[in-house]
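Reviewing the structure listed below.
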Amino acid sequence: MVDYGTIFSAVLPVFLLVGLGWAARARGWFSAQGEREVMRLVVYLLYPCLIFRFVLGNELLRESSVVVESVATGYLFVAGGVLVSALCAPLFGIREARDRGTFAFVAATYNYGYVAIPVASLFFSDAAIGVMLVVNVGVDLAIWTVGVSVVSGSFNRRNLKKAFSPPAVAVLIGLPLNYLGGHDLFPSAALGLIDMLAACAIPVGIFIIGVAFCELARESGARLRPGVVAGGVCMRHLVLPALMLGATCVIPFSPAVRDVVIVHAAMPCGIFPVVLAKHYGGSGNLAFQAVAASCLAGMLTIPLWIKAGFWLFGN
């Protein structure tokens, strides 16, 4: 079995790259405008190429049952996490409706992309990464339906359109192309270009997360809320991963989806929910503190939960 030190050494560069992004923004080497432009490049070009890289030619994703299972898994784990976190919020002194909704959203929404993908690629096959990208479509749907509704206090059908982001559209395009032949449909030059752009997506995306995190820290205020910090760490790094792995022991997931759940269960809170919480009337300060504490804790707990998953399922 892979030991803790090996997993920690594999995960550490991801957090170091986030730190470099933070430092670049703090030193003024990266402007807020530059952050938006690079993020647009990642979302509209690099990340879709990453999706094509792992979806095209993926035999697992030619099975409709795996596709449906993947989307449903992503949706249900986030939606269920929101419910559990909302019920547990009062235990950490979070009782006001606005704060409770924000806490439930950020605690349940893990970093399912820029951190999860490089971690998964260290242990699992390219086919499993492709499955993860389809699981992420379900996560996106849960964010824009359940998550935003909990934060804003109401459901708005127009938010469903926002779930169909460029990465989600890339998955929806890539799946039928994969079924029709995958790599055979494209000339080698086009596939080479896709591979080159895909290779940029994760390092650039992780770096820009650090840049964005620095900006969010400046905007979110300084009043420390110990209950929020403790609650965010407890829910995201103890309760929810235990429930996710427990569910995986009971539900007969396909092996690739099970591998995705192992990685997703280990992830810290995502950063994007902080932006959404502020935009949709939630508590930006609460969201930032929960996410910041989770990211720091994640450096230590990600290897623990991945090791636990390997132990449970014999990987």
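The values are calculated or read from the model by the stated rules, or taken from the named source; none is laboratory data. The shown structure was predicted, so the numbers you read here are calculated from the model rather than taken from an experiment. Positions of Cβ are backbone-derived with ideal geometry, glycine not excepted, and every protein chain shown enters the neighbour counts.
Structure data summary
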{"quantity": "Members of the range 50-66 that are part of a helix (DSSP H, G or I) and either of a type in the set (Lys, Arg) or crowded, with 19+ Cβ neighbours inside 10 Å (or both)", "calculated": "LEU50, ILE51, PHE52, ARG53, PHE54, VAL55, LEU60, LEU61, ARG62, VAL66"}
{"quantity": "The range 232-254, residues that are crowded, with 16+ Cβ neighbours inside 10 Å, among the small types (Gly, Ala, Ser) and over 25 Å from LEU16 (Cα atoms)", "calculated": "ALA247, SER254"}
{"quantity": "Answer residue from the range 1-18, given it is under 16 Å from LEU312 (Cβ atoms) and at pLDDT below 75 and is surrounded by the fewest Cβ atoms within 10 Å (Cβ to Cβ) among those", "calculated": "MET1"}
{"quantity": "Complete set of residues in the range 89-113 that are touching a Cys at 6+ places or on another chain (Cβ under 8 Å), assigned to a helix (DSSP H, G or I) and over 17 Å from HIS279 (Cβ atoms)", "calculated": "PHE92, ALA107"}
{"quantity": "Flag for PHE288 being aromatic (Phe, Trp, Tyr) and either within 27 Å of GLY130 (Cα to Cα) or modelled with pLDDT of 95 or more (or both)", "calculated": "no"}
{"quantity": "Residue match in the range 14-27 (condition: hydrophobic (A, V, I, L, M, F, W, C), in a helix (DSSP H, G or I) and over 23 Å from ILE302 (Cβ atoms))", "calculated": "yes"}
{"quantity": "Some residue of the range 247-266 being within 25 Å of LEU12 (Cα to Cα) and either touching an Asp or Glu at 6+ places or on another chain (Cβ under 8 Å) or of a type in the set (Asp, Glu) (or both)", "calculated": "yes"}
{"quantity": "Qualifying residue in the range 154-177 (condition: surrounded by 13 or more Cβ atoms within 10 Å (Cβ to Cβ), among the polar types (S, T, N, Q) and within 30 Å of PHE8 (Cβ to Cβ))", "calculated": "no"}
{"quantity": "Selection count where residues are surrounded by fewer than 14 Cβ atoms within 10 Å (Cβ to Cβ) and part of a helix (DSSP H, G or I), scope the range 184-220", "calculated": "11"}
{"quantity": "Pairs where the first residue, in the range 144-173, is in contact (Cβ under 8 Å) with a residue 40 or more places away in the chain and outside any helix (DSSP H, G or I) and the second is hydrophobic (A, V, I, L, M, F, W, C) and surrounded by 13 or more Cβ atoms within 10 Å (Cβ to Cβ), C-beta under 6 Å, 6+ apart", "calculated": "none"}
{"quantity": "Residues located in the range 76-128, provided they are charged (D, E, K, R) and either in contact (Cβ under 8 Å) with a residue 60 or more places away in the chain or surrounded by fewer than 19 Cβ atoms within 10 Å (Cβ to Cβ) (or both)", "calculated": "ARG95, GLU96, ARG98, ASP99, ASP126"}
{"quantity": "Sole residue being under 15 Å from the mean Cα position of the chain (by Cα) and closer than 23 Å to PHE207 by Cα, chosen from GLY284, GLY298", "calculated": "GLY298"}
{"quantity": "Filtered residues of the range 271-299 (kept if free of Cβ contacts under 8 Å to residues at least 60 places away in the same chain and either out of contact with any helix residue (DSSP H, G or I) (no Cβ under 8 Å at 6 or more places or on another chain) or small (Gly, Ala, Ser) (or both))", "calculated": "HIS279, LEU296"}
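A quick yes/no check of all residues on (1) more than 22 Å from VAL274 (Cβ to Cβ); (2) more than 16 Å from the chain's Cα centre (by Cα):
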{"residue": "ILE143", "(1), (2)": "no, no"}
{"residue": "ARG158", "(1), (2)": "no, yes"}
{"residue": "TYR179", "(1), (2)": "yes, yes"}
{"residue": "SER188", "(1), (2)": "yes, yes"}
{"residue": "MET196", "(1), (2)": "yes, yes"}
{"residue": "ALA199", "(1), (2)": "yes, yes"}
